[in-house]
Amino acid sequence: MVFLPRFYFTLVTAILLALASTWIANGMAASLVITLLLTCAVLADIVLIPRDALRVKRNVPPVLKQAQLFQVELTLTNQSDRSALFEVIDSPPVDFTGSPRMKSFRLAPRREITQTYTLKSYRRGSFSFGAVFYRITGPFGLTQHQAKIDLPQRVQVLPDLSGEGSRDLQLALAGAMQTGRRNSARRGEGREFESLREHQRDDDFRHIDWKASAKRGKLISRQYETERDQRLMILLDAGRLMSPKIGSYRKLDYAINASVHLAQVALHKGDLVGYAIFNDEMRAFAEPKKGQAQMSHLVRNLTTLQASRLESDYAAVFHHVLRRCSRRTLIVCFTDLGDAHSANRLLQAALPLRPRHLPVIVTVSNSEVLAVTRKVPENEFDVYRHVAAMEIWNDYQRTLLGLRSRGVATVSVPAQELSTAAINEYLRIKESARL
């Protein structure tokens, strides 16, 4: 039971009349009358407030996309025979942003009303809505009855694959899908000639068809069919280095989106795709396979994945992959080079993958650190920041150089460009017949 301001105002009036009875004639009698009437009105409010007067139905999509607004709809019905004033508030998951405000409305008997509010989740996974709490005001406006309606409802928040929908990413996906699935060319016999086209700046000069170029008066390149049935293994680090946020997303979120985009392109081009999710131990593993079932299995495992506070064991996961993948495989590892110790462990663990496999380390470059290194210091504090940023950036670059010098390819780009860069690197490797 909740007492409303009208109750307290009436009670204070009765008390003041009782205190002023020495100066006001019949003040005590008036106070007693008001107190008696207030008591009767409160009892009447308590008796006349209908119980279980409200019926609530919540309508929310069962599957949501990360960082996208969605609407929650509450259908509220007054089941009593009296008009009543209600206050209602829902209980969305605590990780969602845009919590609903308490709604106040009057409902006639047997009538219903629809209230809506919007939410957004920057986290993936499975979440639950809780009870709907409401208050109903008595006919005299002195008290409210407070109750709740248990309305558990689970929703899933999936990775938002359109969240990085930049023009570059859309072009990369469109270009990869446009080529479609082509015929296989067995390794060692070269790639089959497909067509001629105008030479582009990034084309290999070995592909120039000099006879066709002489006839047309401009450089013409030979275009070859890309190989199929090659193997791609996606390794996703879910350790402590992937937990920091960049904007609204964590590094792991960007890596998940890039992994799904990369797998989508590779499966479409006829390659076999496998994956491994790890931190201090192997969380999930699937050998390279084809088909939509493999894609669905990957997305299902990534939906609830969260970064842990544990140190990732690169040596264990790379050894496991090396033992399970006997054929030459493109191994793309999404991770982060957070400190010199972790970077050195990654380097030592990646070396045994060569030369049987082709490892590629994909990391998110620290744009904030890079911005500090490029900014001219204006005061003493800026000088300290600049020196610290330069040390971090130089360590980062030395690690990348160490990986490349030992035959491990690297991709280091800002978080928003991760999907685009991973897809382009995959396509470059296929076109160069390095697999």
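Filtered by the rule that a residue be open to solvent by less than 70 Å² (accessible area, probe 1.4 Å) and either in contact with a Phe, Trp or Tyr (Cβ under 7 Å, 6 or more places away or on another chain) or in contact (Cβ under 8 Å) with a residue 12 or more places away in the chain (or both), the range 367-387 gives S367, V369, L370, V372, T373, H386. Going by what's in this entry, would T39 be described as at negative phi and either part of a strand (DSSP E or B) or touching a residue at least 40 places away in the same chain (Cβ under 8 Å) (or both)? The answer is no for T39.
One line per residue, one yes/no per condition, for (1) more than 25 Å from R428 (Cβ to Cβ); (2) assigned to a loop (DSSP other than H, G, I, E, B); (3) at pLDDT 90 or above:
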site: R106; (1), (2), (3): yes, no, yes
site: Y134; (1), (2), (3): yes, no, yes
site: P139; (1), (2), (3): yes, yes, no
site: Q146; (1), (2), (3): yes, no, yes
site: Q156; (1), (2), (3): yes, no, yes
site: S162; (1), (2), (3): no, yes, no
site: L169; (1), (2), (3): no, no, no
site: N183; (1), (2), (3): no, yes, no
site: R186; (1), (2), (3): no, yes, no
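Being polar (S, T, N, Q), in a helix (DSSP H, G or I) and open to solvent by less than 70 Å² (accessible area, probe 1.4 Å) is a property that T77 lacks. The residue list A266, A307, A293 contains one member that is at pLDDT below 95, in contact with a helix residue (DSSP H, G or I) (Cβ under 6 Å, 6 or more places away or on another chain) and at negative phi, which is A307.
For every residue, the table says whether it meets (1) open to solvent by 30 Å² or more (accessible area, probe 1.4 Å); (2) touching a residue at least 60 places away in the same chain (Cβ under 8 Å).
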| site | (1), (2) |
| --- | --- |
| K218 | yes, no |
| R222 | yes, no |
| I234 | no, yes |
| L241 | no, yes |
| S248 | yes, yes |
| Y254 | no, yes |
| S259 | no, yes |
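Checking each residue in the range 92-108 for being touching a Lys or Arg at 6+ places or on another chain (Cβ under 6 Å) and open to solvent by less than 50 Å² (accessible area, probe 1.4 Å) picks out only G98. Residues in the range 375-391 that are of a type in the set (A, V, I, L, M) and assigned to a helix (DSSP H, G or I): V383, V387, A388, A389, M390.
Scanning the range 398-419 for residues that are open to solvent by 70 Å² or more (accessible area, probe 1.4 Å) and farther than 23 Å from S243 by Cβ gives R398, L401, R404, S405, R406.
The values are calculated or read from the model by the stated rules, or taken from the named source; none is laboratory data. Bear in mind the structure is a predicted one, so any value in this text is a computation, not a measurement. Backbone-built Cβ (ideal geometry, glycine too); neighbour counts: all protein chains shown. Surface areas here come from the heavy atoms of the whole protein model, side chains and all, with no ligands, DNA or RNA. Shrake-Rupley method; radii C 1.70, N 1.55, O 1.52, S 1.80 Å.
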